[in-house]
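Undergrad: Got a structure for you, questions after.
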Amino acid sequence: MTKYYAVHTKEYWGKISKNKYMTNDEKQSKFSMHYNWMKNETIKRLENYDGENLLWWWKDSIPDTDDFPWNGNDKIEMVLLEVELENNETLDSNYYLWDLFCIGDKPLPDYDEYETFFDNDYNDLSFEEMSCNWDKIFDRHWYKNHPVFEDMESEINNIQSITGKIETSRIKVIKIFTPITYNEWLND
């Protein structure tokens with residue numbers, strides 16, 4: 001079993017904790033094509049995933065404040081959640097590569113094309129052409145051996161994990177905090 005962490009508002013956790021399952025009811029509109037691609041990959045790769053909205057976790061590391069759903073409100077109360085999951089319950093991927101193709105809307109660069117990657121115009125690509133190699137975010141061997149991405153393995157908070165619904169009885173609240181006090185707590 002591996003520990004996974006997530007940060008949510010205390011208000012959200014108060015509502016969700018009364019349910020049998022933790023679920024994600026948010027609508028994904030900004031990156032809906034990318035999100036649906038990730039859901040389809042999850043359907044292919046996780047046996048017990050039923051296609052519900054995804055839950056996002058950090059594997060083996062506590063997230064930093066850049067990853068909080070707090071929208072700049074330093075006084076909002078947050079909860080740090082922890083759950084222990086088996087490997088077959090999560091789909092792990094590289095967060096920075098996920099971010100790269102969400103923002104870049106283009107295929108991930110091969111070893112020899114990274115220098116020109118951001119200079120190339122990919123506007124004429126269909127979604128299928130654009131997403132042709134995005135599954136590399138799941139391939140640790142590929143990005144560990146990539147000349148640009150190889151250092152990502154050692155950076156903190158680089159492995160994101162996604163799941164479907166999780167029984168709330170399995171989730172523990174580790175800490176209640178505000179974004180201001182969180183960094184103080186991490187540094188103690």
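Undergrad: Anything in region 33-55 that is under 18 Å from MET22 (Cα atoms), outside any helix (DSSP H, G or I) and out of contact with any strand residue (DSSP E or B) (no Cβ under 7 Å at 6 or more places or on another chain)? List them, or say none.
TA: Scanning region 33-55 gives ASN48, TYR49, ASP50, GLY51, GLU52, ASN53.
Undergrad: Among the residues of region 77-93, write down those that are in a loop (DSSP other than H, G, I, E, B) and closer than 18 Å to GLU167 by Cβ. I'd like the intermediate steps shown before the answer.
TA: Residues of region 77-93 that are in a loop (DSSP other than H, G, I, E, B), as a first pass: 77, 86, 90.
Residues satisfying the conditions are GLU86, THR90.
Conditions (1) charged (D, E, K, R); (2) closer than 18 Å to LYS172 by Cβ; (3) modelled with pLDDT under 90, marked per residue:
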{"position": "TYR4", "(1), (2), (3)": "no, yes, no"}
{"position": "LYS15", "(1), (2), (3)": "yes, yes, no"}
{"position": "TYR21", "(1), (2), (3)": "no, yes, no"}
{"position": "SER29", "(1), (2), (3)": "no, no, yes"}
{"position": "ASN36", "(1), (2), (3)": "no, no, yes"}
{"position": "LEU54", "(1), (2), (3)": "no, no, yes"}
{"position": "ASN73", "(1), (2), (3)": "no, no, yes"}
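Undergrad: May I ask you to list the residues in region 141-172 that are outside any helix (DSSP H, G or I), modelled with pLDDT of 90 or more and surrounded by fewer than 18 Cβ atoms within 10 Å (Cβ to Cβ)?
TA: Correct list: GLU167, LYS172.
The values are calculated or read from the model by the stated rules, or taken from the named source; none is laboratory data. None of the values given here were measured: they were computed from a predicted structure. Here the Cβ is made from the backbone with ideal geometry for all residues, glycine too, and neighbour counts use every protein chain on show.
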